[in-house]
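The values are calculated or read from the model by the stated rules, or taken from the named source; none is laboratory data. In this text, all values refer to a predicted model and were calculated from it rather than measured experimentally. Every residue, glycine among them, receives a Cβ derived from its backbone with ideal geometry; neighbour counts consider all protein chains shown. For the accessible areas, the whole protein counts, side chains as well, though only heavy atoms, and no ligand, DNA or RNA atoms are used. Shrake-Rupley method; radii C 1.70, N 1.55, O 1.52, S 1.80 Å.
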Amino acid sequence: MQMGKMLMVMGAVLLAAGAFLYFGGRFSFLGHLPGDIHISRGSTDFYFPIVSCALVSLIGTILLNLFFRR
């Protein structure tokens, strides 16, 4: 019983990851939000999407709490 549930969750996670990679170019706002750090000096680029990471983490936390609440 537990093994089947675990396989279904892993399949859903893989499906979501595949859809994100396939349609990823359409989410052009992600990575370009105010607060994301991008520094270019000469031939060196430093990029740290801190606000985008926080947004993805917040949405993931909300979704996981909705689906796995006991």
Seminar exercise, completed: Pairing a residue in segment 25-39 that is at pLDDT 70 or above with any residue that is assigned to a loop (DSSP other than H, G, I, E, B), where Cβ atoms lie under 8 Å and the two sit 6 or more apart in sequence or on different chains, gives Leu30/Pro49; Gly31/Pro49; Leu33/Pro49; Asp36/Pro49; Ile37/Pro49
For this session: Enumerate the pairs (first residue in segment 1-23 and free of Cβ contacts under 8 Å to residues at least 40 places away in the same chain and among the small types (Gly, Ala, Ser); second residue anywhere and exposed (fewer than 10 other Cβ atoms within 10 Å of the Cβ) and assigned to a helix (DSSP H, G or I)) with beta-carbon separation below 8 Å, excluding pairs fewer than 6 apart on the same chain, so at least 6 apart or on different chains.
Result: none
Problem set entry | Filtered residues of segment 25-69 (kept if assigned to a helix (DSSP H, G or I), over 25 Å from Lys5 (Cβ atoms) and either in contact with a His (Cβ under 9 Å, 6 or more places away or on another chain) or open to solvent by 90 Å² or more (accessible area, probe 1.4 Å) (or both)) | Arg26, Ser52, Leu58
